[in-house]
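What follows draws every value from the coordinates through simple rules; no lab data is involved. Bear in mind that the values here come from a model prediction, so they are computed numbers and not experimental data. Backbone-built Cβ (ideal geometry, glycine too); neighbour counts: all protein chains shown.
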Ligand code: OSB
Ligand code: MG
């Protein structure tokens, strides 16, 4: 099945979050989302999303650097070239082209969706996914005090979420986690995400978290640092899960060799797309390292890609895959993403491609910037 992308339309929309989302390195109140509309020579059109944030406080990329990278370097390597399949697109984007993984991923993942459309299959199935329902977790931003966090965590549990992730930072950590653990059952699935807020000097302090039976602590140390994570893991009982550190399958191989962590958060946008995400999934499966799908406050378009990926067999832990309502007054896809009372998200397998349709008129009315690349 060959594909040939003739046009990519970039659009920026602004979507206010229903409530501000605070992580250790910054706060987001309104998402600036870059959407891509890719048109294949056959006429098939698909939508994808670039997950880069507004500021370089999670990774070096932002919506503005990604827009630039897509226009200048990514699109020219893809437009009007015939590829045997999406894996070939990933290879074309890898050669002599460093970084800009979120920009690359937006196009590469769109090419997977094009291939799914052309084959008349659900994206999840084209990827090799087997699950029909995905367990959902919530990621709760840093709150003003433990009582507020407890209120949020209780509400999340009542809503059915299978995993509750609390964002932490120095000054909002041990006491906050202790309060939530005390409020919920001893076996409630809890974890904490530090987004690189600590250093190895905090190892003894972080070891206090061991008493709360967390399933994992996510990315406590530097966004680039595998060696120090290995040292920290040696001093913690709680498994470390890496997020920011994991930018390629080689980084995962290093993590395993060094013992830097025991669980991997896979965000396809962070690793350059589905080809790399699948390779990471497969390597982790071979090494019995569980994985789960992270989120980047995506719109319903980006969420569709995360849901499809999370159907692969080694996604054994609940992902950061909340329903549309948690983020937005109104999403840009139909149907919106929902979660049932058991905390499961249904995978749309009846339709070819990403499984949801984009409200094109709404996107047009929300667009603050549009650029057409190619014909
Ligand atoms: O570290 O996982 C993270 C959002 C933005 C940037 C980084 C992270 C997050 C989340 C949100 O945790 C997860 C979601 O989309 O629900
Ligand atoms: Mg994280």
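Residue 52 meets the conditions (1) surrounded by 21 or more Cβ atoms within 10 Å (Cβ to Cβ); (2) more than 16 Å from ligand 2 (Cβ to nearest atom) in every case but one. The failed one is (2). Within the option set 122, 197, being more than 16 Å from ligand 2 (Cβ to nearest atom) and either under 24 Å from the mean Cα position of the chain (by Cα) or farther than 26 Å from residue 343 by Cα (or both) holds for one residue only, 122.
Return the total of residues in region 122-152 being without any contact (Cβ under 8 Å) to a residue 40 or more places away in the chain, closer than 26 Å to residue 204 by Cα and touching a strand residue (DSSP E or B) at 6+ places or on another chain (Cβ under 6 Å). Number satisfying all stated conditions: 1. Residues in region 349-368: is at least one within 18 Å of the chain's Cα centre (by Cα), in contact (Cβ under 8 Å) with a residue 12 or more places away in the chain, surrounded by fewer than 19 Cβ atoms within 10 Å (Cβ to Cβ) and farther than 22 Å from residue 10 by Cα? No: zero hits.
Within the set 232, 242, the sole residue that is more than 17 Å from residue 164 (Cβ to Cβ), more than 16 Å from ligand 1 (Cβ to nearest atom) and crowded, with 22+ Cβ neighbours inside 10 Å turns out to be 232. Within region 199-224, the set of residues being within 16 Å of ligand 1 (Cβ to nearest atom) and buried (at least 18 other Cβ atoms within 10 Å of the Cβ) comprises 214, 215, 216, 217, 218, 219, 220, 221.
A single entry from 94, 69 fulfils the requirement of being touching a helix residue (DSSP H, G or I) at 6+ places or on another chain (Cβ under 7 Å) and more than 16 Å from ligand 1 (Cβ to nearest atom): 69.
Residues in region 303-340 that are outside any strand (DSSP E or B), within 16 Å of ligand 2 (Cβ to nearest atom) and closer than 22 Å to residue 239 by Cα: 310, 317, 318, 320, 321. Against the test of being away from ligand 2 (no atom under 16 Å from the Cβ) and either without any contact (Cβ under 8 Å) to a residue 40 or more places away in the chain or surrounded by fewer than 18 Cβ atoms within 10 Å (Cβ to Cβ) (or both), the options 41, 75, 66 yield a single qualifying residue, 41.
Among the residues of region 215-238, those identified as under 20 Å from the mean Cα position of the chain (by Cα) and within 20 Å of residue 189 (Cβ to Cβ) are 215, 216, 217, 218, 219, 220.
Say we look at region 264-294 and pick out the residues that are more than 16 Å from ligand 1 (Cβ to nearest atom) and in contact (Cβ under 8 Å) with a residue 60 or more places away in the chain; which of these is surrounded by the fewest Cβ atoms within 10 Å (Cβ to Cβ)? Checked region 264-294; the qualifying residue surrounded by the fewest Cβ atoms within 10 Å (Cβ to Cβ) is 278. Scanning region 160-181 for residues that are within 15 Å of residue 148 (Cβ to Cβ) and assigned to a helix (DSSP H, G or I) returns 175, 176, 177, 178, 179, 180. Here region 187-196 is the region considered, the condition is being touching a residue at least 60 places away in the same chain (Cβ under 8 Å) and within 11 Å of ligand 1 (Cβ to nearest atom), and the residue that is surrounded by the fewest Cβ atoms within 10 Å (Cβ to Cβ) is 195.
Of all residues in region 23-53, those satisfying the criterion of being farther than 18 Å from residue 301 by Cβ, in a strand (DSSP E or B) and in contact with a strand residue (DSSP E or B) (Cβ under 7 Å, 6 or more places away or on another chain) are 23, 27, 29.
For region 54-68, how many residues are part of a helix (DSSP H, G or I) and farther than 23 Å from residue 358 by Cβ? The qualifying residues number 2.
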